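The values are calculated or read from the model by the stated rules, or taken from the named source; none is laboratory data. Quick caveat: nothing in here was measured; it's all calculated off a predicted structure. Note that each Cβ is placed from the backbone with ideal geometry, even for glycine, and that neighbours are counted across all protein chains shown. The accessibility values were calculated without ligands, DNA or RNA, using every heavy atom of the protein model including side chains. Shrake-Rupley method; radii C 1.70, N 1.55, O 1.52, S 1.80 Å.
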Amino acid sequence: MLFFLLTLGPAICFACGNILEKAGISHIAKDVSLKTPFKFIKCILTNPKWWLGISCSGLATIGYYIAMAKYDLSLVQPMMVLNPVLTALFGFWFLKEHLNKKIVCAIICVLCGLLLSARNMGENTGVQDLHNLWIFTAIVVSFVLAFKLFHKDLEASDSLIMGAGFGLSAAFYKSLSIDFMLDDLTLDTVLGLLLDARTFAYAVLYIIAFAYSQISFTRGRALFIIPFSAAVGAALPILAGAFVFDEHFPNNKIASVVLVLIGSFLFIVRRPRKFKKKRKKTEFI
């Protein structure tokens, strides 16, 4: 029961928070450009919808972090993919948005994946290899920088940076939670955290991810940004669970993770193709 409270609850709050943040920022972006950052930030900080969204996301983050400290990343992260599932369902129920066959298939894949992992709920089998954590981070950061450099689609690169930042920060948080008793902070624990390079890496990655989450909402579609970043943000900690934390991966958990990731990528809404009108050539005889 505690596992579902700490994972399903945050997934619902994240979905609500994303929608409210997007609504608040989209309203501001109509009148204020990112080219005037101070005015833009001032407008955001006085927007009640944005603050309500941030509050929902903050509440979700608390539950999510407690769950990461207690359970395997490969179990917690698939539950976070409920974020786009719930976003789609909320849009269908409250905003009367259409659910196409692709979205329905995505929902079925995610739910089937979560049902398959039910037997492993509550496991905490991880032990870490710090050397692999830094290698894993370097590989992911290199890939993201290369994508940003060579891929000109801002919507895709913003979403990738956002998802990678949150995903890697989750891996660093899990690493810190293994070595430090984060639920019982003492002066020695705080000093140890402040002097640990992983704390700095976590803070930098999280701040970059949060900044890009706000930037992406000003120039991209929520139906692309939320599923894409959620898929990347779920995939990276799951991979870290396998290669950094040596978590237990029985066949049903592998099948569960595959279904959840397939489902999360199916949620991504592609930008509609633009068809150029062909000019008709007239022949003069």
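Quick notes on this one:
- Some residue of the range 35-50 being open to solvent by 10 Å² or more (accessible area, probe 1.4 Å), within 22 Å of the chain's Cα centre (by Cα) and not charged (D, E, K, R): yes
- Search result, residues across the range 9-31 that are crowded, with 16+ Cβ neighbours inside 10 Å and either basic (Lys, Arg) or more than 15 Å from the chain's Cα centre (by Cα) (or both): 9, 20, 22, 23, 24, 25, 28, 29
- Considering the range 127-148, and only residues there that are farther than 27 Å from residue 179 by Cα and either assigned to a loop (DSSP other than H, G, I, E, B) or touching a Ser or Thr at 6+ places or on another chain (Cβ under 9 Å) (or both), the residue that is most open to solvent (accessible area, probe 1.4 Å) turns out to be 148.
- The set of residues from the range 173-192 being modelled with pLDDT under 90 and polar (S, T, N, Q) comprises 177, 186, 189.
- Residue in the range 50-58 that is farther than 27 Å from residue 173 by Cβ and of a type in the set (Phe, Trp, Tyr) present: no
- Of the listed requirements (1) at pLDDT below 80; (2) open to solvent by less than 60 Å² (accessible area, probe 1.4 Å); (3) out of contact with any Pro (no Cβ under 7 Å at 6 or more places or on another chain), residue 114 misses just one: (3).
- Qualifying residue in the range 13-30 (condition: free of Cβ contacts under 8 Å to residues at least 12 places away in the same chain and within 16 Å of residue 217 (Cβ to Cβ)): yes
- Long-range neighbours under 8 Å by Cβ, at least six apart or interchain, first residue on the phi < 0 side of the Ramachandran plot within the range 197-223, second outside any helix (DSSP H, G or I) and surrounded by fewer than 16 Cβ atoms within 10 Å (Cβ to Cβ): 215/34; 218/34; 219/34; 221/271
- Boolean, residue 213 is at pLDDT 85 or above and open to solvent by less than 40 Å² (accessible area, probe 1.4 Å): yes
- For the range 193-205, the criterion of being more than 20 Å from residue 69 (Cβ to Cβ), at pLDDT 90 or above and either open to solvent by less than 80 Å² (accessible area, probe 1.4 Å) or within 16 Å of the chain's Cα centre (by Cα) (or both) is met by at least one residue.
- Residue selection: residue 63 satisfies the criterion of being in a helix (DSSP H, G or I), at pLDDT 80 or above and small (Gly, Ala, Ser).
- Against the list (1) modelled with pLDDT under 90; (2) surrounded by fewer than 22 Cβ atoms within 10 Å (Cβ to Cβ), the condition residue 229 fails is (2).
- Filter result (assigned to a helix (DSSP H, G or I) and among the polar types (S, T, N, Q)) within the range 1-39: 7, 18, 26
- Per the listing 156, 170, the residue uniquely surrounded by 15 or more Cβ atoms within 10 Å (Cβ to Cβ) and modelled with pLDDT of 90 or more is 170.
- Which numbered condition residue 221 misses (of (1) surrounded by fewer than 21 Cβ atoms within 10 Å (Cβ to Cβ); (2) under 22 Å from residue 115 (Cβ atoms)): (2)
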